[in-house]
1. Could you run the Karplus curve 6.51 cos²θ - 1.76 cosθ + 1.60 with θ = phi - 60° over region 27-41 and give me ³J(HN,Hα) per residue in whole Hz, x for Gly and Pro?
2. If you keep only loop residues by DSSP, which trypsin sites (Lys or Arg not before Pro) in region 20-113 have at most 13 other Cβ atoms within 10 Å of their Cβ?
3. If I model a spin label at R107 and S162 as a point 7 Å from the Cα along the Cα→Cβ vector, what separation in nanometres do I get?
4. Report the full-extension gain for the segment T77 to K147: residue separation times 0.36 nm, less the Cα-Cα distance, to one decimal in nm.
5. At a Förster distance of 41 Å, what's the computed FRET efficiency of T26 paired with V54, Cβ-Cβ distance as r, to 0.05?
6. Give the accessible area for V58 in Å² (nearest 10); use a 1.4 Å probe, count only protein heavy atoms, and leave out ligands, DNA and RNA.
7. Could you work out what % of the accessible surface of region 104-146 is carbon and sulfur, using a 1.4 angstrom probe and leaving DNA, RNA and ligands out of the count?
8. Provide the per residue accessible area, probe 1.4 Å, for region 73-128, rounded to a whole number of square angstrom.
Amino acid sequence: MFLLQQIVKVAHKPFFFDGWYDVRRTVTLAVMGFAALITMLRLSGKRTLSKLNVFDFVFVVAVGSVFAATIIEKDVTLVEGLFGLGTLIIIQVVLAELAARSEIADRIINGRPALLFSHGEFIQRALKKERVTEEEVRGAIREEGVKRIEDVDAVVLENDGSLTVAWKSRGPGESSLVDAEVPGGDHTKKTRR
């Protein structure tokens, strides 16, 4: 029985402290990794730090995960972590450049803004598809200081998840809504208002 207990016995790390080596390693990797990450992000450009759309959100989560693994995981060295971070940043820069040069790539990577409210009417299929309530749209209108819903031309769900309120136009010119679309429907027409 004693022999069986010795074979089954599994080594566990202490809960609170296991020596200064692990503490020094974690602090050193955190400081060096943080400095390297700041440097890489500064070199990659402002687009890397823009408001978060789905593409940017995935990038930030992936960078955080790699950075955390570099600091905490004993099997991941600083060099491996930095190469992982560098690879993610290169992918982000390449895809952002591709999106800037190609409308098709931009649509795939960043999506399109969704028109939720237009000319005094809520667009129910858009609200349903985007899982936004009429109350959320009204809240965005109130945040803009609009008292009457009739003064609003449109409300758009942007790629970063924010709601943009477009007031009724008071003069001629191209609409800012040209790239917004009703999900499953048509783009807004390029109109002069």
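1. 5, 4, 5, 5, 5, 5, x, 4, 4, 5, 5, 4, 4, 5, 5
2. Answer by residue number: K51, K74.
3. 2.5 nm
4. Separation in residues times 0.36 nm, less the Cα-Cα distance, equals 19.5 nm.
5. In this case the efficiency is close to 0.80.
6. Solvent-accessible area, nearest 10 Å²: 90 Å².
7. Within region 104-146, the accessible surface is 47 percent carbon and sulfur.
8. That works out to 62 Å² per residue.
The values are calculated or read from the model by the stated rules, or taken from the named source; none is laboratory data. Since we're looking at a predicted model, the values are computed, not measured. Please note: Cβ atoms are built from the backbone with ideal geometry, for glycine as well, and neighbour counts cover all protein chains shown. These area figures cover heavy atoms from the full protein model, side chains too; ligands, DNA and RNA do not enter into them. Shrake-Rupley method; radii C 1.70, N 1.55, O 1.52, S 1.80 Å.
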